[in-house]
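These notes are about the structure you will find just below.
Any read-out appearing in this document is the output of simple, stated calculations on the displayed coordinates, not a laboratory observation. Not measured: the values here are computed from a predicted model. Glycine gets a Cβ as well: all are built from the backbone with ideal geometry, and neighbour counts include every protein chain shown.
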Amino acid sequence: MRAARGRPTRVSADDASALARLHALGAGRFIHVNGTLERHLRGTQRLLRRFGGRDALCLAGLYHAVYGTDGITGRLVELGARKAIAAVIGDEAERMVYLYAACDRDRFHPRIGTPMQHVFVDRFVDAEYGIDEPQLRDFCEITLANELELALAGERFRLRHQTELSQLFVRMDGLVSDSARRAVSDMLH
């Protein structure tokens, strides 16, 4: 497998196992914006690898929508499967997946880049609670990779959401890796 610009993409035994489990959960049959959810999840993970993300972050990117998200209808597993998912991708990655899936986007995304950015809005429990800087940074890196993957895979999506995505990415400045910020600049402008 190769990443953009000819750099090899790391594929570990953990990745292979996680991919097999994701496929068994039905991600290849789950229709998503630009194809299947499996295709999108793999693309998101590839971008996180390209950004130089650590293994837990990249595995979280691969599984970021297994519990559903505020932006899609349906899910691959119920929240009761959190321990089973953690057994596949690890506890750290699973906590990132939960945070991403739990996000009430309409209420939390506007807080990014403001003094309220550390007050998370959880749609699953209808509550607000504090998140620390590393959690916020991981959330933003996955969010950027997710949205960038969708924008790169579909011109219609990109044109429809370009303004709001540009605004979100600007608010994330300083919260995402330099390589993620450069990728947005290189790929969308």
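Packing-based ranking of 27-38, 125-136 yields 27-38, 125-136, ordered from highest to lowest mean Cβ neighbour count within 10 Å. Screening the chain for DSSP H helices whose Cα atoms reach 24 Å or more along their own axis and whose mean Kyte hydropathy is at least -1.0 gives 133-153. A protection proxy built from the mean count of other Cβ atoms within 10 Å ranks the segments 141-153, 64-76, most packed first, as 141-153, 64-76.
Against the set (i) 172; (ii) 130; (iii) 113, the structure's computed volume of the Cα convex hull per residue in Å³ falls on (iii). Normalised by 2.2 N^0.38 Å, where N is the number of residues, the alpha-carbon radius of gyration of the stretch 48-148 equals 1.00.
In this structure the amide hydrogen of Phe30, modeled in the peptide plane, comes within under 5 Å of the amide hydrogens of Leu37, Glu38, none closer than 5 places in sequence on its chain.
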